[in-house]
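The values are calculated or read from the model by the stated rules, or taken from the named source; none is laboratory data. Keep in mind that what you see is a predicted model, and the values were worked out from it rather than measured. Cβ placement follows ideal geometry from the backbone for every residue including glycine, while neighbour counts extend to all protein chains displayed.
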């Protein structure tokens, strides 16, 4: 059961990505594109890849082992059901791993949430809300990490937050279409 | 984050074990000893080892990769909380993997159960009840697999089942101490 | 309340089936056909039958009592709600019984899951995920049992697992349709 | 897996019992004695027996098949976890079956409750609260059935209800010891 | 807050009904008609009425107080959400009360189920499955009570059960349309 | 099943109480005394009484019908399990009814919470947290209602809130005993 | 992260509103309009505004601080998911705060309910049912508070309750369209 | 309801702390000391303070507004029940906020978890496991953030992870005391 020989390392992007977005299945993209969209809007380079904990475990390990050297500063990992991807990435890298529970069919993502958040002491996964809101917030949180020593990201993040505050204030009456 | 160099393969037992019992933490032994006790009673050789998905991921992969060649016919894996051990073993070996959800502190093992049982299509984990009953039953189930082509195990298993039936029938009045 | 006299034993298949797929209701077929499809793909002979724990309890007992003699090596049982079929089969046969919780209407299969997995010590049911994923995985798990002493099944199973790994690696970018 | 030959029919009581109290395990007696105590207090003859759905399935069937002829008018069945006893009794007899979910260790009886109450259309089990309250109420409910054509039971039941009302009214101030 | 003066007692039916079907809201009829249909099929006279615990509490009390004298032998009560109707009927009559949890919008009937089944010791409500299956089974259970001293109902009930067994046996292959 | 004739109206207190604290069972007092203690501390006259929805339904109706005329301005009702007391009071009076879910044995008060809070549109119950915190907060909320036109209560409430803020600020270091 | 400078205080309404309806997002209006509709029907002046705990925290504080002086007597706050709006309003004002859990996408409002109702002792939020029923009931509960010293509201509320009782009684047969 | 005038800003520590640990109540310290202990072990300066969202909302806002300027790089916030502290801090600062659900009495921390993790899109809180494991992991995660541009922290973190791996490998046999 080995997938070591398969050449599937992500190609080096034009500008080296600082955030990796991975997900357990192609169908998770509907959710995880929210993360990509937010990073795009904030001007943060990122890469996107399907990495299945259960179907491509060797790729998972390789991804985690090489991420830091490739310049990745945070990994956003989305998965549903018995969602092992974020936790196993965190087992293999000391980089910040941000887990997004994808809404599952039968249990609506409660299984995904518990599988991701209930990590034992020693190996942390930062967990966000079930579904699209969680994907968006994982991206914003990754930005808040990068913003600690990147003034440009900090300004973009602050601007985003001001804008969303202004949007609420500008449309305070919900009865108006 | 690699533990490849550490020499921790289980020592070869006197009689080569046919069942491997692994668990994510030493504290899981209180639960998992039920599995060992049942295998002992049925005369089935087994080995016991702590293998942590999150703290020793490389050992986990090595254990799964080598189990078949070492003569293991089924792996019983107990874990609690975000219980990734059974599912990751199943990702790395086509041997039958039997998962035992260990009762967790806050959520009483509901998290362990969902993390183990809700595997995606393609990589199965046979899941048993939360806690000691699940550990015992995983052992009995492993016996039922071995019994398919081992008449001695089959007889031991049948005898066990007859005995437990007889025990109920012999003490049918619950009011008697 | 006896259904002993009704002649409904499954007809002997052309090639004697090694796996029995039973389900509590015709409506469970939508889920359970995933198990049949996987066994077909792996070339494993199987039989399919509705056996209701509550409406045909005598058939259930007869099925369990005769399965071993008929050459069945594992029983896959799907049921929803108060899903008693897998557990009662396991009470009547020492063969491996694999339970599939069918997604129920009100509680989404959480009732099915708990009714199947929470068996008391002494009578094991190997439980899989709620719904179609669980049905598929029960079939793959049955194959992993048969593979222990059937090299052809082992090769088919290994090929299936390699193929699903390759599929992920070949479509690693979720943004491509 | 047959227990047909074991002679364990309940001995005929002095006065033929009208209610059968069965339970899946001796340990359920702590809960189910509440049912026996209420029936005693109401002067309703009953019998008590351990009948395990999973360890003594043949006894279960025999019990259900013979209950009506032995004069039983209602069966109270207590079980925990994957609690199949009440539902399988109901599958084998058209007598009223009253299910009591015994509080389980990990899931506090939520598993027992769902396993008993979520029966499919066609085979009813009347379900009561988890634990001792449910056992007591199953007995009171059995009394309400018998009271339909037994004036003595009716009077005993009405007296019990008046008494419990009076008890509340007589101790309306919870601050007094 | 009194509705005593409103003349809404159910009109006396042609043949005095033996089962009362009540429900908290008109919208519950979609579920509860399953109870009526089963009673019709078994030839058991019944009445149907909306009785809201919260909007017509006085009617609820009057209904419970008069049911026995009007010849009612069992009350089937369906309600959703904070489902107080069955329990309050049981508080006011010693007749058997059968509760049906109607599937609610947000919590899918888990709230309805717990509100009905978790009665305190002293006042029993026999509870059935959430939704249509529970409504059907409450009717069948009411029949099992009446069957205790009504041979005609007993025969109708036995015939129904035989028929549903035969239906399963006659369509044992789920792959046939 | 009537308890009309029993004379158990609460005796008129020295100063007419403005808040009624009722509970379904004497054992609820351990929780509900938190409500009484807060009202005492705020100088708000109140009365305390056991009123069981299921064992004393007539008293419940009488209590609700007479509360307004007796000067009660809010009713705090605590109950556990199938907690019908708050909702049935609200069905019988237009006074504000404040429900406190008492922690239950098996389900920890989740049943109590859902039975109280999930009222249908038309009959509101203001619900508070499970257990002692909910009882305390129901009292504070009753005070906030009375404070709307009682300056003395307003001042007492404001003082309480300032004090609890100061308490946190004065002990901001949790490491100091 | 400050929104102090943004001028978004609600404009003074023609007749000073006595109830404030706020919600965390424009999308909550579908639920919260039920509250507005009931207040309209009862002739109770109210205002409606989006106030987001997370996107406009300063507005939230300002709203709470100024509400009493502006004549508001109760605040109805609807929010979903991690619903912090009602609790944070209650932290900043001693006015009665009524929380409405809006049904969320993944967890159907169970998250909203627990986030609102499980307040610690000291800061109460009166919580109502998940969704539209809760919004309607929060309005009726606000009316019950105002009715304590406003005879006109009291009459309107009593009339509403009589009418809803009469509606049930007038359509007691659910089989009639 | 203002606590602006109270002078409770944390005193400037000897070495300016880079991580703030706050908690809603003194009783949360038993859990949150795990975070402090891990930071101590890694040599990361931190401060500890009780900040109650509900009892000291102004302090909460002030803390969040000033944290960045004071040199704080991440805030670890622990709270139980309706746990609003992490989310409201995140509403007021763009710094990374790490939420720890403290185990609550009735619902075992499920309420705390959902209140913290289910944040709406736009304002992220990184959430960790319920209880002590979550507190420890929040500290390790904060370290992983600081390690991105602090080689000393990176080495300390790597050493910690190697040590915990070695600990498992060195005690692989759970049967040895």
Exercise. Please tell me if residue G:47 is without any contact (Cβ under 8 Å) to a residue 60 or more places away in the chain and more than 25 Å from residue G:133 (Cα to Cα).
Key: no
Quiz item: Within segment B:112-133, can you find the residues that are touching a strand residue (DSSP E or B) at 6+ places or on another chain (Cβ under 8 Å) and more than 12 Å from residue C:129 (Cβ to Cβ)?
Solution: B:112, B:128, B:129, B:130, B:131
Quiz item: Is it the case that segment A:73-84 has a residue that's more than 29 Å from residue G:81 (Cβ to Cβ) and either within 13 Å of chain C (Cβ to nearest Cβ) or modelled with pLDDT of 95 or more (or both)?
Solution: no
Quiz item: Is it fair to say residue E:71 is surrounded by fewer than 19 Cβ atoms within 10 Å (Cβ to Cβ), touching a helix residue (DSSP H, G or I) at 6+ places or on another chain (Cβ under 8 Å) and not in a helix (DSSP H, G or I)?
Solution: no
Quiz item: Of all residues in segment H:150-161 being over 13 Å from residue H:44 (Cβ atoms) and at the interface with another protein chain (Cβ under 8 Å from one of its Cβ atoms), which is surrounded by the fewest Cβ atoms within 10 Å (Cβ to Cβ)?
Solution: H:158
Quiz item: Is segment F:32-44 home to any residue that is within 12 Å of chain D (Cβ to nearest Cβ), part of a helix (DSSP H, G or I) and over 28 Å from residue G:116 (Cα atoms)?
Solution: no
Quiz item: Quick one: which of A:147, A:177 is out of contact with any strand residue (DSSP E or B) (no Cβ under 8 Å at 6 or more places or on another chain) and modelled with pLDDT under 95?
Solution: A:177
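Determine, yes or no, whether residue E:89 is more than 9 Å from every other protein chain (Cβ to nearest Cβ), buried (at least 24 other Cβ atoms within 10 Å of the Cβ), outside any loop (DSSP other than H, G, I, E, B) and more than 11 Å from the chain's Cα centre (by Cα).
Working: more than 9 Å from every other protein chain (Cβ to nearest Cβ): yes; buried (at least 24 other Cβ atoms within 10 Å of the Cβ): yes; outside any loop (DSSP other than H, G, I, E, B): yes; more than 11 Å from the chain's Cα centre (by Cα): yes.
Criteria met by residue E:89.
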Quiz prompt | Single condition residue C:59 does not satisfy, out of (1) within 13 Å of the chain's Cα centre (by Cα); (2) more than 10 Å from chain B (Cβ to nearest Cβ); (3) crowded, with 24+ Cβ neighbours inside 10 Å; (4) farther than 18 Å from residue D:114 by Cα | solution = (1)
Quiz item: Which residues, counting only those in segment C:95-130, are surrounded by fewer than 24 Cβ atoms within 10 Å (Cβ to Cβ), within 7 Å of chain B (Cβ to nearest Cβ) and either over 19 Å from residue C:21 (Cβ atoms) or in contact (Cβ under 8 Å) with a residue 60 or more places away in the chain (or both)?
Solution: C:121, C:122
Quiz item: Within the bounds of segment G:143-151, is there any residue that is touching a helix residue (DSSP H, G or I) at 6+ places or on another chain (Cβ under 6 Å) and closer than 30 Å to residue C:108 by Cα?
Solution: no
Quiz item: Restricting attention to segment H:3-25, and to residues there that are at the interface with another protein chain (Cβ under 9 Å from one of its Cβ atoms), closer than 22 Å to residue G:92 by Cβ and out of contact with any helix residue (DSSP H, G or I) (no Cβ under 7 Å at 6 or more places or on another chain), which single residue is modelled with the highest pLDDT?
Solution: H:25
Quiz prompt | Pair list, Cβ under 6 Å, 6 or more apart: segment G:155-176 residue touching a residue at least 40 places away in the same chain (Cβ under 8 Å), other residue part of a loop (DSSP other than H, G, I, E, B) | solution = G:156/G:42; G:156/G:43; G:157/F:94
Practice problem: Could you tell me whether residue B:164 is more than 24 Å from residue H:132 (Cβ to Cβ) and at pLDDT below 95? | Solution: no
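Touching a helix residue (DSSP H, G or I) at 6+ places or on another chain (Cβ under 7 Å), facing another protein chain (nearest Cβ under 8 Å) and not in a helix (DSSP H, G or I): is that true of residue A:53 in this structure? Show your work before the answer.
Details: touching a helix residue (DSSP H, G or I) at 6+ places or on another chain (Cβ under 7 Å): yes; facing another protein chain (nearest Cβ under 8 Å): yes; not in a helix (DSSP H, G or I): yes.
Taking the combined requirement at face value, the residue satisfies it.
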